[in-house]
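The structure follows.
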Amino acid sequence: MRFAEIKQMVESTSDAAFVVDASGLIVAWNHAAEGMFEKPAADVMGKPCGQILQGANERGPVCSRDCTIQQAVRKHHPVHNFDLQVKTSKGIEWCNVSVLVAEEMYPSGPYSIHIVRSIDTGKRLEILLRDFAQGQSHSASGMENLGLNLNRSPILETNLTKRELEVLRILAKGGTTSSIATELHISRTTVNNHVQNILRKLDVHTRLEAIRRAEYAGLI
């Protein structure tokens, strides 16, 4: 996938999204990110991701020039979605971040696409429930017996077929229609049909949004 295609894919999603190069510098920043972080693209381009986000988890600040996410990307290790507290246009919010790595061997190293979605209300409730459970000396299994789900990602009820899941996983690795058709030995038309079914079933409009929702729900 060419960088121009990556940038176009990022621009097509309604979620805040940006692209980081192998040096940890922001090289693309979509309109939704401009609105969410109140930072125009011109102000963030070429700057370290950590400097812009200044994110923290429950233990404190985690964003840095050479964070664990950036290290994993360079080593081509899988990166699972994670929760991060950042400053947005609404104040300090908890967000869930998905990182998709473009697998092609670019001369400068891999690009990573970061998709950010606010989960502030749910995350604060999760922390409140967990703290309450710890205070009451309840185990996680005990909370589950009460019908409380403390997982960060809700289970998405959907009826994706095995083939649609295969297509979705390849998309998440940066696959294009042509590369998916080649890998699965099917036509480009069939690939596009599968993609349209995926978008419909996940109730999204773009491929990037489908990947983001599937990651968040633990489908891929």
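The values are calculated or read from the model by the stated rules, or taken from the named source; none is laboratory data. Quick caveat, the model's predicted, so the values are computed rather than measured. In this analysis, Cβ positions are derived from the backbone assuming ideal geometry, glycine residues included, and neighbour counts consider all displayed protein chains.
Can you tell me which of (1) of a type in the set (D, E, K, R); (2) at pLDDT below 95; (3) not in a helix (DSSP H, G or I) is the one residue 5 doesn't meet?
Result: residue 5 passes all but (3).
Restricting attention to segment 74-87, and to residues there that are at pLDDT below 85 and farther than 20 Å from residue 213 by Cα, which single residue is surrounded by the most Cβ atoms within 10 Å (Cβ to Cβ)? Steps first, answer last, please.
If we filter segment 74-87 for residues that are at pLDDT below 85, which is where we start, we get 74-80.
Subsequent filtering for residues that are farther than 20 Å from residue 213 by Cα retains 74-77.
Working: 74: 16, 75: 8, 76: 10, 77: 11.
Checked segment 74-87; the qualifying residue surrounded by the most Cβ atoms within 10 Å (Cβ to Cβ) is 74.
Would you confirm, using the coordinates I've provided, whether residue 33 is at pLDDT 90 or above, crowded, with 19+ Cβ neighbours inside 10 Å and touching a His at 6+ places or on another chain (Cβ under 7 Å)?
It is false that residue 33 is at pLDDT 90 or above, crowded, with 19+ Cβ neighbours inside 10 Å and touching a His at 6+ places or on another chain (Cβ under 7 Å).
Looking at segment 183-220, which of its residues are farther than 23 Å from residue 7 by Cα and not in a helix (DSSP H, G or I)?
185, 186, 187, 218, 219
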